[in-house]
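Participant: Below is one structure. I have some questions about it.
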Amino acid sequence: MNGVNWEYRPRMAQPVLVTAFGGWNDAGDAATGAVRFLAGKWHARSFATIDPEDYFDFSQNRPIVRIDDAITREIEWPTNRFTATSKPKTCNVFFLHGTEPQLKWKTFCKTIIDVAKMLGVQEIITLGSLLTDVPHTRPSPITVATRDNFMIDDFKMAAAQYEGPTGIVAVLNHFAFEAGLEATSLWASVPHYVAQTPSPKAMLALVSATTDLLSTDVDTSELEQAADAYENQVTELVSSDEDIANYVAQLELTDEEVPVVDVEVIADEAQQFLREQNP
């Protein structure tokens, strides 16, 4: 298949493809972090990559020079990598983890769908995370985009209502639907006043939602500890500024209780303050 560099072609019964892409779809590194976590826990093995040549503007997304053994210089290109894992007695999973491309999105998504169908995939789960007005002290809410209303009801997730500019996740879902595959998109909310900080809370929410869909489980104790540490660190920083502390307290209230405030101004001040504190 053109544009795909194969190491080998795995054979698994009824596999599911789980994907995440760095960039616009990955606030707080939560989506890619969730895939890395699951792939690591389940010892996923690399089997193919998508050639980046046609899909990236390398002046915008530059390759990185690495030095091995203090002598050899290697070029690390933007990579979208397929890995495979078989979790005994529960499920077979392919992961696709990488970076949202800048070019040829239709061709990029068609390539992914072609690989998925070649490998017998009938279901794709895409992960994303976005900045919203949620407090860091609450579990990260999950919204879902799917055509399966029963799934929304069964797993008690909120249906996504977003309209506007979109990322590669939504485009890939669209291509999956057109190809006759089941497609579910899970999105975690990340507090917009800590936009520059990785969010283990959102990662944990995505990991939990994904394993629920796969009818399996994974040990999340280290993510839970990281989420607790994240909450404590952000709380400590926020508490040193009265206006921002009040803003977060308002976010913690129910919709009916929230007083009328200029949230955009306060949120901008919160982001600036936390950037200066470098949490």
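Participant: Along the Cα→Cβ direction, 7 angstrom out, place labels at residue 14 and residue 2. What is the inter-label distance in nm?
Facilitator: The answer from the label model is 3.6 nm.
Participant: Here's another thing I want to ask about it. Tell me the label-point distance for the pair residue 171, residue 90, using the 7 Å Cα-to-Cβ offset, in nm and rounded to one decimal.
Facilitator: 3.3
Participant: Karplus couplings for segment 37-44 from phi (6.51 cos²θ - 1.76 cosθ + 1.60, θ = phi - 60°), rounded to Hz, Gly and Pro as x?
Facilitator: 4, 5, 4, x, 4, 9, 6, 5
Participant: Please work out how much accessible surface residue 239 shows to a 1.4 Å probe, ignoring ligands, DNA and RNA, in Å² rounded to 10.
Facilitator: 80
Participant: Still on this structure, I have one more. For the pair residue 218 and residue 60, how long in nm is the line joining their label points, each one 7 Å along Cα→Cβ?
Facilitator: With each label placed 7 Å out from Cα toward Cβ, I get 3.0 nm.
Participant: Also, quick follow-up: Keeping all protein chains in position, work out how much accessible area residue 105 exposes to a 1.4 Å probe, and write it in Å² to the nearest 10.
Facilitator: Residue 105 exposes around 70 Å² with every protein chain in place.
Participant: Rounded, prolate or oblate, given the Cα gyration tensor of segment 64-127, with a/c below 1.5 counting as rounded?
Facilitator: In terms of gyration-tensor shape, oblate.
Participant: Let me ask something else about it. If you filter segment 56-142 for trypsin sites (Lys or Arg not before Pro), then keep DSSP loop positions with at most 13 other Cβ within 10 Å, what is left?
Facilitator: Within segment 56-142, the qualifying trypsin sites (Lys or Arg not before Pro) (loop, at most 13 other Cβ atoms within 10 Å) are 89.
Participant: From the Cα gyration tensor of segment 1-113, with a ≥ b ≥ c the square roots of its eigenvalues, which class applies: rounded if a/c is under 1.5, or else prolate if a/b is larger than b/c, or else oblate?
Facilitator: It comes out prolate by the Cα gyration axes.
Participant: Separate question: Toward the positive end of the charge dipole of segment 181-253, about the Cα centre and with charges on Cβ (Lys, Arg +1; Asp, Glu -1), which of 235, 214, 199 goes farthest?
Facilitator: 214
Participant: Just reorder 43, 174, 192, 136 by solvent-accessible area, largest first, 1.4 Å probe, all chains present.
Facilitator: Descending order: 43, 174, 192, 136.
Participant: What number comes out for accessible area per residue over segment 24-128 if the probe is 1.4 Å? Units Å², please.
Facilitator: 50
Participant: Quick one: accessible surface of residue 1, probe radius 1.4 Å, all protein chains present, in square angstrom to the nearest 10.
Facilitator: That residue has around 80 Å² of solvent-accessible surface.
Participant: Suppose every K and R has +1 on its Cβ and every D and E has -1 on its Cβ; what is the size of the dipole of segment 2-68 about the Cα centre, in Debye to the nearest 20?
Facilitator: Here segment 2-68 has a charge dipole of around 420 debye.
The values are calculated or read from the model by the stated rules, or taken from the named source; none is laboratory data. All figures in this text were calculated on a predicted structure; none of them were measured in a lab. When we count neighbours, we look across all protein chains shown, and the Cβ atoms used for this are built from the backbone with ideal geometry, even at glycine. The area values use the complete protein model at the heavy-atom level, side chains included, leaving out ligands, DNA and RNA. Shrake-Rupley method; radii C 1.70, N 1.55, O 1.52, S 1.80 Å.
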